[in-house]
Amino acid sequence: MEITFKKVHTAKDLTISAIIMAAGIGLYFINAGVGIVLAICGLLMLLLYKGGHKRNGEDIILKKKAFDVAHSCRESLKGFLDGKDVEPLINKDISGGVIRLEVLYNESAAVAYAQLFDFSNYNYEPATEMVELHGQRAQTLIGKL
C-alpha cells in the first residue's frame with residue numbers, strides 16, 4: 001500500500017498570512033498602493049502557501065525535512081528503516097558520495113515517515129519505500145535530524 005500525503009496549512013502559515021494582510025489593510029490608510037499590494041500578498045499566501053503535510057485519512061500535521069547524507073551512512077539508515085536493531089548514523093559531511101533522506105515527522109505524536117534515495121545519473125532514485133515509524137523508533141530518527 002502506497003503512503004500518500006497532501007499539503008495543508010499550519011498554524012504558522014495562517015498567522016503569517018493574517019499578519020501580512022492586517023499590515024496591508026493598516027498601511028492602506030497611509031499609502032493606498034502599497035497597502036493594497038501587501039494585502040493581496042497576504043491573501044495569496046493564505047490561498048497558496050501550505051507548509052505542512054498530512055497523510056490521507058489522518059489528522060496529524062507533519063513537518064518535512066530533506067537533506068543529503070554521506071554515502072557511508074547508507075547501510076545503517078537502510079537497516080534502521082528495514083526494521084533492524086541498528087543505530088542510524090546521519091553524517092552530513094558529503095565527501096565521497098551522497099544519499100538523500102526525506103523525513104516527514106511530528107515530534108509530539110512520535111510518528112515519522114522516512115524514505116531513502118540513491119543519487120545516480122544526476123537523479124535521486126528510491127532506495128527504500130516510504131517507511132512509517134512510531135514511538136521510540138520515530139523519536140530516535142527525529143532526534144538525529
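The values are calculated or read from the model by the stated rules, or taken from the named source; none is laboratory data. Owing to the predicted nature of the structure, the values given are computational and were not obtained by experimental measurement. Cβ atoms come from the backbone with ideal geometry, glycine included; neighbour counts cover every protein chain shown. Surface areas here come from the heavy atoms of the whole protein model, side chains and all, with no ligands, DNA or RNA. Shrake-Rupley method; radii C 1.70, N 1.55, O 1.52, S 1.80 Å.
What the table shows:
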{"item": "Relative contact order %, the chain, counting alpha carbon pairs below 8 Å whose residues are six or more apart", "result": "18 percent"}
{"item": "Protein accessible area in segment 51-145, 1.4 Å probe - carbon and sulfur %", "result": "45 percent"}
{"item": "Binned Cα-Cα distance frequencies in the chain - 5 Å width, integer %", "result": "2, 9, 15, 16, 14, 11, 9, 8, 7, 5, 3, 1, 0"}
{"item": "Spatially proximal lysines relative to K92 (Cα-Cα < 19 Å; intrachain offsets below 8 disregarded)", "result": "K64, K65, K78, K144"}
{"item": "For segment 41-50, 3J(HN,Hα) per residue [Karplus equation, 6.51 cos²θ - 1.76 cosθ + 1.60, θ = phi - 60°, Hz, x = Gly/Pro]", "result": "4, x, 5, 5, 4, 4, 7, 10, 8, 10"}
{"item": "Shape parameters for segment 1-81, alpha-carbon atoms, Rg then Dmax in Å", "result": "19.5, 61"}
{"item": "Using θ = phi - 60° and Karplus 6.51 cos²θ - 1.76 cosθ + 1.60, couplings along segment 93-107 (whole Hz; Gly, Pro as x)", "result": "6, 9, 6, x, x, 9, 10, 10, 10, 10, 10, 10, 8, 9, 5"}
{"item": "J(HN,Hα) series, segment 127-138, from Karplus relation 6.51 cos²θ - 1.76 cosθ + 1.60, nearest Hz, glycine and proline x", "result": "9, 9, 7, 5, 10, 9, 10, 10, x, 5, 5, 5"}
{"item": "Farthest positive-ward along segment 28-129 dipole, Cα basis, beta-carbon charges - from F119, L104, I94", "result": "L104"}
{"item": "Simple Cβ-charge dipole of the chain, Lys/Arg +1 and Asp/Glu -1, about Cα centre, in debye nearest 20", "result": "440 debye"}
{"item": "Segment 1-97, accessible area per residue, ligands and nucleic acids excluded (1.4 Å, Å²)", "result": "66 Å²"}
